[in-house]
Amino acid sequence: MKILVLGIGNTLLADEGVGIVAMQELEAIYGMREDMEFIDGGTLSFTLAVPISECDALLVIDAAELGAEPGTVRSFEGDEMDRFLGENRKSSVHEVGLLDLRAISLLTGYWPQQRALIGIQPAFVGWGEALTPEVAAALPEVCQTATEIIGRFSAAEMLRELST
């Protein structure tokens, strides 16, 4: 099984870069695992369709408009992720959106069955190379949530292997 951890964002726009920062922290923790790949997805592009098509499980981390207090962390798994993407097209500096990548993946016949999005409510999106204190303080929760999701991905794969 291959788990793709995709951090999205622009680190020059303060909290917009939280997905990249969180992905880097997770890579420091899990980087030695051969079943995991970590990609700085930046502001997204159609080239990400290839690594998405090659993974068994997809974990995306990004700043997201959650209508909540800055630093709030929410996760969306499976169909819930798809619904969130469809209902919450955020305006951003991304070249293409994650919803666009999903559409491309579906056209090619593959969208990972195991998938999740961790969204973090930004406090400030504008010129700045550092996260705001509220969003920086949420990083441990983001990493804990990611760890729980990765554990569920691995457990589901083990169950699938046992049933075959």
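The values are calculated or read from the model by the stated rules, or taken from the named source; none is laboratory data. Keep in mind that this is a model prediction, so the values were computed, not measured. Note that each Cβ is placed from the backbone with ideal geometry, even for glycine, and that neighbours are counted across all protein chains shown.
Could you tell me whether region 130-151 includes any residue that is in contact with a Phe, Trp or Tyr (Cβ under 6 Å, 6 or more places away or on another chain) and touching a residue at least 60 places away in the same chain (Cβ under 8 Å)?
Checked against the condition, which is being in contact with a Phe, Trp or Tyr (Cβ under 6 Å, 6 or more places away or on another chain) and touching a residue at least 60 places away in the same chain (Cβ under 8 Å), region 130-151 yields at least one hit.
In summary, Glu80 fulfils each of the numbered conditions (1) among the acidic types (Asp, Glu); (2) exposed (fewer than 15 other Cβ atoms within 10 Å of the Cβ); (3) at pLDDT below 95 with the single exception of condition (3). Contact map, region 45-67: first residue part of a helix (DSSP H, G or I), second residue among the polar types (S, T, N, Q) and at pLDDT below 95, Cβ cut-off under 9 Å, separation 6 or more or different chains; pairs are Ala49/Ser105; Ala49/Thr108; Ile52/Ser105; Ser53/Ser105; Ser53/Thr108.
Being in a loop (DSSP other than H, G, I, E, B), surrounded by 24 or more Cβ atoms within 10 Å (Cβ to Cβ) and free of Cβ contacts under 8 Å to residues at least 60 places away in the same chain is a property that Gly9 has. Only residues that are loosely packed, with under 14 Cβ neighbours inside 10 Å and either more than 21 Å from Ala137 (Cβ to Cβ) or of a type in the set (Asp, Glu) (or both) were counted in region 40-77, giving 6. For region 86-93, the criterion of being buried (at least 16 other Cβ atoms within 10 Å of the Cβ) and at pLDDT below 95 is met by at least one residue.
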